[in-house]
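Worksheet: one structure, shown below.
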Amino acid sequence: MNNFLNVVLLQPQIPQNTGNIARTVAATGINLHIVQPIGFEITDKKLKRAGLDYWDKLSISIYSSTEHFFSTFQDEKNKIYVFFTTKGKKLYSDFDYTNFSQDIFLIFGREDAGIDEQILLANKENCARIPMLDNIRSLNLSNSVNIACYEVLRQRNFPNLLQNGNLDNL
């Protein structure tokens, strides 16, 4: 397990995105945090279909509000929040994720609105951007989460993950 790494979804709206993210975090041993309100039921069949049969392998926590989430971890000293936003000034790959004493929280906003700008302003040094063309509004949420997670894991040499495969039939 990669219990140092956490993905936080602030008010996700599209069940297929959350399902795809659930599959990624299950496959990599990452903790998933979902902040309500959300735009679907956790039992939504689209959510389950996207996550396939990995739901029993998830470490998932659900919070009633953004305030509830942040208050849960306010006393934790060794943590870093990285807020993923198209409004970020630093690239996601410019962050150093190799401090092994820190818990890392990769935070993503709603598909239709992103992260509240008050939160971004209060954390502007920890806002990360994934580069893309200037005439594109944003990347798909599940793709952004995958990019971010694998950058952290890459910087730490993919801890606890199988790094080589074998042919099954030869």
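On the given criteria, is Leu121 loosely packed, with under 13 Cβ neighbours inside 10 Å and modelled with pLDDT under 95?
Against the criterion (loosely packed, with under 13 Cβ neighbours inside 10 Å and modelled with pLDDT under 95), Leu121 does not qualify.
Look at the range 54-82 and say how many of its residues are assigned to a helix (DSSP H, G or I) and in contact (Cβ under 8 Å) with a residue 12 or more places away in the chain.
Total satisfying the criteria: 5.
Is it the case, given these coordinates, that Leu161 is surrounded by fewer than 17 Cβ atoms within 10 Å (Cβ to Cβ) and either out of contact with any helix residue (DSSP H, G or I) (no Cβ under 7 Å at 6 or more places or on another chain) or part of a strand (DSSP E or B) (or both)?
no
Quickly run through the range 57-85 and pick out the residues that are of a type in the set (S, T, N, Q) and closer than 20 Å to Val35 by Cα.
Ser59, Ser61, Ser64, Ser65, Thr66, Ser71, Thr72, Gln74, Thr85
Would you check which residues across the range 138-153 are in a helix (DSSP H, G or I), touching a strand residue (DSSP E or B) at 6+ places or on another chain (Cβ under 8 Å) and more than 21 Å from Asp96 (Cα to Cα) and list them?
Answer for the range 138-153, where residues must be in a helix (DSSP H, G or I), touching a strand residue (DSSP E or B) at 6+ places or on another chain (Cβ under 8 Å) and more than 21 Å from Asp96 (Cα to Cα): just Leu141.
Of the residues that make up the range 134-143, is at least one over 20 Å from Asn17 (Cβ atoms) and buried (at least 17 other Cβ atoms within 10 Å of the Cβ)? Before the answer, list the steps.
We begin by selecting, within the range 134-143, every residue over 20 Å from Asn17 (Cβ atoms); these are 134-135.
Those left that are additionally buried (at least 17 other Cβ atoms within 10 Å of the Cβ): none.
Checking the range 134-143: not a single residue is over 20 Å from Asn17 (Cβ atoms) and buried (at least 17 other Cβ atoms within 10 Å of the Cβ).
Give the residue that is farthest from Gln16 (Cα to Cα), with candidates limited to residues of the range 84-110 that are outside any strand (DSSP E or B) and under 13 Å from the mean Cα position of the chain (by Cα).
Here is the first cut: in the range 84-110, the ones outside any strand (DSSP E or B) are 85-89, 92-102, 109.
So of that shortlist, the ones also under 13 Å from the mean Cα position of the chain (by Cα) come out as 85, 92, 109.
Working: Thr85: 20, Tyr92: 24, Gly109: 15 Å.
So, considering only residues that are outside any strand (DSSP E or B) and under 13 Å from the mean Cα position of the chain (by Cα), the one farthest from Gln16 (Cα to Cα) is Tyr92.
Looking at Ile107, Ile34, Ile115, Ile119 in this structure, which one is over 27 Å from Arg154 (Cα atoms), of a type outside the set (D, E, K, R) and touching a Phe, Trp or Tyr at 6+ places or on another chain (Cβ under 9 Å)?
Residue meeting the stated conditions: Ile119.
Got at least one residue in the range 115-123 being within 11 Å of Phe83 (Cα to Cα), in a loop (DSSP other than H, G, I, E, B) and not charged (D, E, K, R)?
Yes, there is a match, as at least one residue in the range 115-123 is within 11 Å of Phe83 (Cα to Cα), in a loop (DSSP other than H, G, I, E, B) and not charged (D, E, K, R).
Filter the range 47-70 down to the residues that are farther than 30 Å from Gln163 by Cα and not aromatic (Phe, Trp, Tyr), then identify the one that is modelled with the lowest pLDDT.
Ile62
Which pairs turn up if I take residues in the range 122-139 that are touching a residue at least 40 places away in the same chain (Cβ under 8 Å) and look for partners that are small (Gly, Ala, Ser) with beta carbon separation below 7 Å, at least 6 apart in sequence or on another chain?
Cys127/Gly88; Ala128/Gly88; Arg129/Gly88; Ile130/Ser144
The values are calculated or read from the model by the stated rules, or taken from the named source; none is laboratory data. Please read all numbers here as calculations on a predicted model, not as lab measurements. So basically every Cβ, Gly included, is an ideal-geometry build from the backbone, and we count neighbours across all protein chains shown.
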